[in-house]
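Throughout, read-outs are computed from the coordinates displayed, never taken from laboratory work. Being a predicted model, the structure only gives us computed values, none of them experimental. Here the Cβ is made from the backbone with ideal geometry for all residues, glycine too, and neighbour counts use every protein chain on show.
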Amino acid sequence: MRSPEETDINRSSLKKPVRSTEMTGKMIHLTMNTRRRNMDEKPLRVLIVEGSKKDASLLVDKLKQAGYTPQHDRVETASAMHSALQQHPWDLILSGCTFHDFNCLEALELLKEKGIDTPFIIVSPAISEEMAIEALKAGAHDCVKNRRRRLIPTIERELRAAAMKREHEQTVKELRWNQQTVQQLATEMAIIAEIGRLIGSTLDIEEVYERFAAEARKLIPFDRLVVNLNKPQEGAHYCAYVSGMAVPGRKPGDSFPLARSVNEVLLRTRKGLIIHPASIEEIAESYPSLVSTFEAGVRSMISVPLISRDEVIGGLHFRSKKPNRYTAESLHLAERIGDQIAGAIANAQLFSDLKKAEKEQRSNRKKAERLADERAVIAEIGRLISSTLDIGEVYERFAVETRKLIPFDRLAINLCDLQENIIRVAYVSGLSIGDRKPGDSPSLAGTFSEEILRTQTSLLFQPANSEEIDEIVARFPPLFATFQAGMLSLMGIPLVYRNEAIGTLHFRSKKPNQYTTETLRMAERIGAQIAGAIANAQLFTNLKETEKSLRESEGLFRALFEQAAVGVAEIDMATGRFLTVNRRFCEMVGRTEKEMLAVTFQAITHPEDLHLHEKNSALLQAGKIRHYSLEKRYLQKDGTILWVNITVSPLWKPGEKPGRNMIVVEDITERKRLEEERLKLEERLRRAEKMEALGQLAGGVAHDMNNVLGVLVGYSELLLEKIPTGSPLRRYVSNIQQSGERGAAIIQDLLTLARRGVDVFEIIDLNKVVCDYIETPEFENLKAYHPLVVFKTTLEKDLLNIRGSPVHLNKTLMNLVSNAAEAIPGRGEVVIRTENCYLDQPILGYDNMQDGDYVILTVSDTGSGISPTDLGKIFEPFYTKKVMGRSGTGLGLAVVWGTVKDHRGYIDVRSEEGKGSAFTLYFPVTREALTRTQEAISPEIYHGKEESILVVDDVMEQRELAMSMLTGLGYQVNLVSSEEAVDYLRTNRADLIVLDMIMDPGIDGLETYRRILEIHPQQKAVIVSGFSETDRVRKAQALGAGTYVRKPYVKEKIGLAIRQELDK
């Protein structure tokens, strides 16, 4: 009997008695290890209500040992727990009993007040049974007193229960949603039909848009709706209609590039899309045209193509400020609406275009007359500004002539000084405004001029109301004085000379909407003329200052040249000889200044990098590029390689072609080394992930094939027992059995590849594996097939033991020796070597290795070797260079890789083309004694005594095969599937069940056994499976199941397992 202190209490113990099963220390250790491997680092938010930091730390350590990654917090007062519950939800709450002025019952009351149903488990050796029962009634999910080993299973159980509860609530919610969906569909169909009726009743495009927008809002909520129409011939699209919120630069009539726009995606894919951008960086990378929309506050977007007569004529766009507003259903609705309105828009657009064409024809006649007048004035401006270098006189004449073309109340010319970040008011004609008088030098920051200079683009502002004025002033605060002076039309033009913005030309008018786009273009042509005159005048003024500054800068340049932290040199373009070099450059290449001036840059450049300059040097000399940068290698004086990044720029003289280049050299040797290490690491990671993925795929195929081949092998064995010796049928059946066994060998290769078929449990001598192999018929056949190849073995006498699978190690050796022999085209040698080794540093390809003793198996050959390209792929499944039909499936080295990994070993491959290859396998040593070979067992030992056996398997052929074998052994056998087994045992009994672990479809062996135990708690069972012993198998054994037997069914193995279990 256990004492009260040894008893754990949970909710279920209040309802029914609990049957306790003792476990040995060994089984506990196995279960914990199984659980750890099954967790795979699960994140877990844990709130620990405990007054002792030490006890809390022990709980956290326990969770980590179980494979969790706990994100925890510890509280010991009601206020602290209240605060923790406010911060974020918790997956689990672990509580002590009593601490300070707070206890677990008060903690449960706090949870109840907040309506929180997080799993709450009390962990306390000091809690009384009365308090534990009271806590469970108050809502605690379980109470772990002294049996700490039950803590992790209890946590797992409660976490699963919580997850199942959430799933149930979600199912109820989805059922209610389906009912609402039917009602919503009826409403949607009615609205879409109304849209079709409305837009078909008029050809007025604006009326089409307004009616459509009003109805569309009933189906799809939006803050902004946009219709953008395509102009594919011009590579553009334009905003045809907007309803709702405004977005700067995205109003009706605005045109945008089609490239990298949403309309371009719709045009290309002919499919709608939903965009829920998380950040401006994300939207800028994928859809740069939507940046302004995102900045305006939009967080949800739907876009669908408008298709008329099988042509995508544009896009329909819904925008909402609410995040994650739209769903796939919203997209479907939008597409239906788009289908309705596309034809109407196309027809209305054709009607609108016809009217515009007639209007444009009338307008063109007026433009031609006006253009003649404009050309005369512009010609006069050109003549005037070229007749004098007096800039003041130029400004006055220019203003008089300009007024004839562009009316203004104020004209101003501002020149920029980017170094000082100021603008200088050079000239004003008309109304005076604040600090914008001739000679004033206000800051450039935040001004109208700064934007024009930055973009080298003209701007036109003609606000229609005070809100628009406020918006412009918020963007350009210095314009406040301009609007205060009564100006309502503002136009700014960049003054560009030789592709450089030197200032701005401004027109201001008190008349609303004074300027048009044509006026803006006219102002740009005038600005282009005046810019040259202004630039010439500035050049003349600055000439003397430039001469002085040149003399000063020459001295400064010399100092910078010598003291620079990077290498700097001048090189003759024609010869490549160094003309000047600084101290840092000499230090980098390990030469003196005198030695450098005596050589060319080609002499210190790595021979393989000389071609890197050819193309860029030609472009540089032709003046097509201003400079270029590249990475290359220099050779230091002692032959050491130096990686550098160089920038080459020509040294120009006015009116002459450059004859010298300046190079700036940065030492990047360390950076290149780090990059190379990173690339190697990424390649190893990619290869490992690929191997794991392919292995899992192979494992799935192997499972199904194993069932098929198991039937062939098993029935062949039964047939051979029934066919008399000497019958010709024995040879046929024997061939079937041998073919099945060969197929099973291939299955084992696939399972090895999937890392699901290796049982590493025997203590073996690797020398014996080698000796056994060289005595096999396969090895004799290999030698006969390669008569010119000499096979040698060099085996260390006192080779240490390893823990492994002889079958898979034999297969690995066979693959390596076979590959080595086939790599030799004629005469050659294959050597098999074993030796002991102590490793204290990583081998090639492994960053982390366990130091210690290893047994090494090396298979080397004198064949053709492996190319560097193929070397990185040889362990990939199905990769082979062998001739089709000759040999090889491409699995050989993949199986080697999988076997070595399953044995916790390492593999090193060295190869040189034309000289041969060496595969070296490292296996960790064990100090345990060799496993004894099992002697043959008489069938009498495992014969049945008419006991009843129930075979549970999802494959009918496997069930029938088992029945044939077991009936022959003297058992009474019944056959069922997994679900049928539970129903069968409700009304029948069986002395033992043979239970397949992996059954699909339906419940698997573990769940079947759990349900059977609810009916017959003492039910005996033997577990069978086509795979190695898994966590599910061990869990079934922990529940009471007996021996595990691997398929295919072999009479001796299954008979022994059943007999041993029945005799317990």
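Just a few scattered comments:
- Sorting the segments 862-874, 795-807 by their mean number of nearby beta carbons within 10 angstrom, highest to lowest, gives 795-807, 862-874.
- Checking [x] 77, 47, 33; [y] 68, 46, 27; [z] 62, 40, 27 against the coordinates, the calculated semi-axes √(5λ) of the Cα gyration tensor in Å falls under label [x].
- Furthest towards positive pole of dipole, Gly314, His332, Gln349, structure part segment 200-357, Cβ charges: His332
- When the listed pairs Lys321/Lys356; Lys53/Lys112; Lys722/Lys783; Lys114/Lys165 are checked against a 29 Å cut-off, the alpha-carbon distance exceeds it for Lys321/Lys356; Lys722/Lys783.
- Cross-link reach is defined here as a Cα-Cα straight distance under 25 Å, omitting same-chain residues fewer than 8 places apart; for Lys1020 the lysines meeting it are Lys16, Lys26, Lys945, Lys1035, Lys1047, Lys1051, Lys1053, Lys1064.
- Point-charge dipole on Cβ atoms (K/R +1, D/E -1) for the chain, about Cα centre, debye to 20: 1500
- Segment 327-352 and segment 1044-1062 have Cα centres spaced 70 Å apart.
- Compared with the direct C-alpha span, the chain from Glu113 to Asn988 gains 309.9 nm at full extension, assuming 0.36 nm per residue.
- Calculated FRET value between Gln484 and Lys367, using beta carbons and R₀ = 35 Å, to 0.05: 0.45
- Inter-site label distance for Glu689 and Leu597 at 7 Å from Cα along Cβ, in nm: 5.6
- Sites Glu500 and Glu234, calculated FRET efficiency, Cβ-Cβ separation with R0 25 Å, nearest 0.05: 0.25
- The residue list Leu635, Tyr1049, Pro777 was ranked by how far each Cα lies along the charge dipole of the chain toward its positive end, using unit charges on Cβ atoms, and Leu635 comes out on top.
- Each residue, Glu393 and Ser52, gets one label point 7 Å from its Cα in the Cβ direction; the gap between the two is 10.2 nm.
- Helix-only arithmetic for the chain: the sum of -39500 (n - 2.57) across DSSP H runs with n ≥ 4, divided by the residue total, places the mean residue ellipticity at 222 nm at -15000 deg cm²/dmol.
- Net length available on complete extension from Glu282 to Leu1013 is 257.6 nm, with 0.36 nm assigned per residue and the Cα-Cα distance removed.
- Segment 509-531-segment 44-87 distance, computed between alpha-carbon centres (Å): 71
- Förster-model FRET efficiency, 56 Å R0, Glu130 and Arg176, C-beta, rounded to 0.05: 0.80
- Overall dimensions of segment 948-1062 by Cα: Rg and Dmax, Å: 12.4, 33
- Nearest 10 degrees, 0 to 90: helix 328-385 Cα axis against the chain principal axis: 30
- Eligible lysines near Lys404 by straight Cα distance, threshold 27 Å, same-chain separation 8 or greater: Lys359, Lys366, Lys367, Lys437, Lys510, Lys511
- For segment 558-667, size of Cβ-based charge dipole, Lys and Arg +1, Asp and Glu -1, in debye: 360
- Multiplying the residue separation of Ala565 and Ala445 by 0.36 nm and removing their Cα-Cα distance gives an extension gain of 39.8 nm.
- Aspartates and glutamates with Cα under 16 Å of Lys64, excluding same-chain neighbours fewer than 8 positions away: Asp40, Glu41, Asp55, Asp73, Asp91, Glu156
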